[in-house]
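The values are calculated or read from the model by the stated rules, or taken from the named source; none is laboratory data. Computed from a predicted structure; not experimentally measured. Every residue, glycine as well, gets a Cβ built from its backbone with ideal geometry; the counts of neighbours run over all protein chains shown. What goes into the accessible areas is simple: the full protein's heavy atoms, side chains included, and nothing from ligands, DNA or RNA. Shrake-Rupley method; radii C 1.70, N 1.55, O 1.52, S 1.80 Å.
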Amino acid sequence: MKKILIAAAVMTLMCSTAAYAQSVDLNGDVSSGKTVEVTGLEDGYYDLTVTCVNDAESVDADTYVYGVSEDYTMASTVLPKSEDGVTVTVRGIGVTDGKCEIGVVADGASTITFSDADLSQSTACTFITGGDMTEVNYIEDLGGVYKDEDGNEVDVFEYLASKGVNMARIRLSNTTGKGTGDGTYYLPEGYQDEEDCLDLAKRAKDAGMQIQFTFNYSDYWSNGERQIIPSDWVQQIKDELGYDIQDSTFLNSMSSTVKAEIQEKLGDIMYEYTYDIMTKLKEQDTVPEYVSLGNEINGGILFPFANTFDATMDKDNFELIYSNIESDDITCEKDWAGLASILNRGYDAVKAVSPDTQVVIHLANGSKDSIFTWFFDAYKSAGGKFDVIGASYYPAWSENPVETCVSFCNTISARYDKDILIMETGYNWNETKKNGYAGQLTENADGYDEKYPFTPEGHMGFMADLINGMKSVDDGRCIGILYWDPCMIHVEDPSNKNESLSGWAIREKDDKPDGNVVENTTLFDFDGVAIPTVNVFANSKNSTYIGTGDTEGGDTGDTEGGDTGDTEGGDTGDTEGGDTGDTDEPVVEYISGEYNEENGQISVLVTSTLQEDKNVNLYVAAYDENNVLVNVKIDSKTVAAQGSGEFITDVPEGDSYRVFLWNGGNMQPITLN
């Protein structure tokens with residue numbers, strides 16, 4: 001069992017009106033754990049930084065550094081491997097009553113040495129540790145089953161939320177199904193479309209996740225080389241303007257006036273489509289916290305009307321080509337003004353429905369400064385609007401380590417004064433897919449084959465390194481990471497051993513899946529069982545207010561699976577720090593709570609006056625004999641409209657407990673009988 005050793009020394013720290021910074025007595029050998037109580041603090045939020053040398057052969061997800069106070073849950077970061085020393089950062093430690101506990105949880109299995117431990121005043125932090133959930137309904141309908149580490153079947157949204165996955169990325173394609181792809185492949189009908197994505201958004205919110213919603217603006221996979229105009233948009237332009245924008249002869253001969261007319265129409269269509277989807281999301285209380293306009297748009301969008309460089313597009317599959325070009329292939333001219341004008345219509349549509357939603361422009365090749373400065377210098381000069389810079393970062397494709405990605409984030413965020421969101425990242429936990437063939441990630445960053453081999457342990461090590469690295473970006477300007485793809489698991493084909501029923505796309509020629517190229521990178525193994533990396537997410541915690549008073553700055557919004565912030569239509573109002581005062585609004589509230597010493601369970605009865613079903617969370621905070629918070633357990637339940645329900649949950653290890661009900665609007669303390 002992990003040990004937390006209590007240090008006798010209590011430090012009295014001086015605060016100034018400037019940004020607070022003070023060394024913390026957490027230095028030296030911490031291999032078996034150590035905790036320091038820090039007093040004399042101003043109430044608020046603090047960041048902890050410490051230089052860590054960890055000679056572990058592989059990362060232990062249950063070895064982490066943390067900060068916690070009486071009225072806040074723990075903020076923590078898993079310790080990465082490092083022989084030379086790495087800065088480990090815990091952001092947004094909540095402090096009330098002028099004190100907090102800073103500590104390390106470790107079991108002595110490796111030698112861990114700390115130095116230069118510092119605590120500095122900061123702001124509330126809800127660092128995003130999310131993942132792409134777009135494929136879940138598809139996988140489940142194929143017969144795929146998700147399981148926890150012990151092999152028990154789980155609802156994957158609720159399970160990952162309980163493990164600290166606090167944001168779901170959902171990618172919307174316009175019209176999926178046979179005949180809507182690139183002529184060779186297509187996306188399966190009924191998935192990744194409007195109805196499917198609205199359902200996924202509801203599942204995510206019900207599980208307490210935030211949402212990052214991606215408009216592909218295409219019927220098929222889109223990226224830097226392929227941005228096929230949606231088929232219904234093609235038809236609309238043909239019907240209303242009389243132009244066939246998939247005819248290569250027309251495209252290569254159209255005048256600048258005609259092109260401008262089509263660009264204006266595409267902007268109108270983008271606005272209407274984006275506004276319509278955003279409105280439907282709002283109507284079901286699932287307004288996204290973040291929206292990205294397109295996916296990896298390095299080359300532009302809606303080819304050939306909004307390209308970022310001169311190129312040629314294949315007349316048949318509408319993908320950019322660089323060799324074997326034929327005379328009737330399609331010429332794409334660089335047009336930054338066209339790109340900015342069209343995407344600005346999407347930006348305006350998002351803001352018209354939800355002014356607080358942050359709009360992301362997402363590029364591939366994260367960690368490569370020059371690609372991003374080339375794009376965003378030109379995009380800004382053309383008047384392009386955006387709130388957040390999104391980046392895909394894969395060591396396999398960038399061939400850069402985490403340290404380079406940290407430097408990249410520092411450079412790009414400072415240059416454009418924008419936050420960075422790692423929109424995609426992934427790593428192999430197995431060298432190959434189940435059938436022995438390679439998946440999509442075959443290369444690696446220099447030195448990573450040895451440091452983080454393609455094993456479950458290597459995968460865990462990389463993710464611990466990445467999450468810590470992104471937390472260490474200057475001024476907290478990296479706001480989080482979204483994993484690709486946690487849930488597109490192998491679904492065994494009963495008639496073809498080791499082959500999967502799930503595929504990245506469906507072949508037009510025989511309507512069969514073309515192979516699942518990410519099944520060896522998911523957060524579940526080939527049998528659907530969660531891999532150890534889920535505990536890296538679980539122990540990369542954000543501090544959440546669980547007290548009953550005013551926190552002078554409000555709740556951070558992160559409830560480790562609870563709802564997060566005002567979302568223009570969601571039942572997530574700001575409670576000014578979790579004030580649980582009376583309200584005349586319909587609510588879910590508790591009736592009674594009881595602790596049974598014989599079986600170690602807590603039972604809580606709740607009732608709802610709402611007109612619709614509501615997902616709520618029960619928090620059980622466990623304290624040790626010194627009244628230090630040592631664990632928090634979260635249980636989720638859907639309470640029926642105008643109905644009631646009962647939580648029955650095992651208590652985590654501890655000497656005393658505080659219990660709270662989070663109903664999406666406030667945190668209610670529960671008295672146990």
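Values computed for the structure shown
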read-out	value
Rule-of-thumb Rg ratio for the range 282-321 [Cα; 2.2 N^0.38 Å; N residues]	1.68
Where Rh is the Kirkwood radius over Cα pairs, Rg/Rh for the range 393-536	1.03
C-alpha long axis of helix 456-471 to longest principal axis of the chain, angle in °	90
Computed [θ] at 222 nm, deg cm²/dmol, the chain (DSSP H ≥ 4; -39,500 (n - 2.57); rounded to nearest 500)	-6500 deg cm²/dmol
At 0.890 mPa s and 25 °C, Stokes D of the chain from Kirkwood alpha-carbon radius, µm² per second	94
Under-5 Å amide H pairs with His362, H placed in peptide plane, nonlocal only	Leu293, Glu296, Ile297, Gly390
Cβ-based net charge around Ser407, under 13 Å, with every Lys or Arg adding one and every Asp or Glu removing one	0
Hz values of 3J(HN,Hα) by residue in the range 532-546 - Karplus curve (6.51, -1.76, 1.60), Gly and Pro given as x	x, 4, 4, 7, 5, 4, 4, 9, 9, 8, 9, 6, 10, 6, 10
The range 348-371 and the range 136-197: distance between their alpha carbon centers, rounded to Å	23
Total charge dipole magnitude, the range 301-409, about the Cα centre, Cβ charges on Lys, Arg, Asp, Glu only, Debye to nearest 20	500
Full-extension gain in nm, Asn673 to Asp199, via 0.36 nm per residue minus C-alpha separation	166.7 nm
In degrees, nearest ten, helix 194-206 long axis to first principal axis of the chain (Cα)	10
Amide H contacts of Ala530 (H built 1.01 Å from N, under 5 Å, at least 5 apart or other chain)	Lys147, Asp148, Glu149, Gly151, Asp525
About the Cα centre, charge dipole magnitude for the chain (Lys/Arg +1, Asp/Glu -1 at Cβ), debye	1100
From phi via Karplus (6.51, -1.76, 1.60), per-residue ³J(HN,Hα) for the range 176-181 in Hz, x at Gly/Pro	9, x, 4, x, 10, x
Between helix 256-283 and the chain: long-axis angle, C-alpha atoms, 0 to 90°, nearest 10	30
Environment charge at Tyr185 (Cβ cut-off 12 Å; Lys +1, Arg +1, Asp -1, Glu -1)	-2
Summed residue charge, Cβ within 10 Å of Glu319's Cβ, Lys/Arg positive, Asp/Glu negative	-3
Distant-in-sequence amide H partners of Ser122 (H built 1.01 Å from N, under 5 Å)	Tyr45, Tyr46, Asp47
Per-peptide average of other Cβ atoms within 10 Å, ordering 296-302, 249-255 highest first	296-302, 249-255
Table column - 3J(HN,Hα) (Hz), the range 147-162, Karplus curve with 6.51, -1.76, 1.60, x for Gly and Pro	9, 6, 4, 8, x, 8, 5, 9, 6, 5, 5, 5, 5, 5, 4, 5
By average C-beta atoms within 10 angstrom, highest first, the peptides 42-50, 171-179, 376-384, 86-94	86-94, 42-50, 171-179, 376-384
Residue-normalised accessible area of the chain, given per residue in Å² at a 1.4 Å probe	38
For the range 174-264: span of alpha carbons on each principal axis (Å, largest first)	52, 29, 27
Cβ crowding within 10 Å averaged over residues, with 513-521, 589-597 ranked highest first	513-521, 589-597
Cleavage-rule hits (trypsin sites (Lys or Arg not before Pro)) in the range 432-499: DSSP loop, at most 14 neighbouring Cβ within 10 angstrom	Lys497
Beta bridges by DSSP in the chain, antiparallel share as percent, to the nearest 5	70
Spatial separation of Cα centroids for the range 473-540 and the range 50-112, in angstrom	29
All aspartates and glutamates inside 15 Å of Lys509 as judged from Cα atoms, apart from same-chain residues fewer than 8 positions distant	Asp182
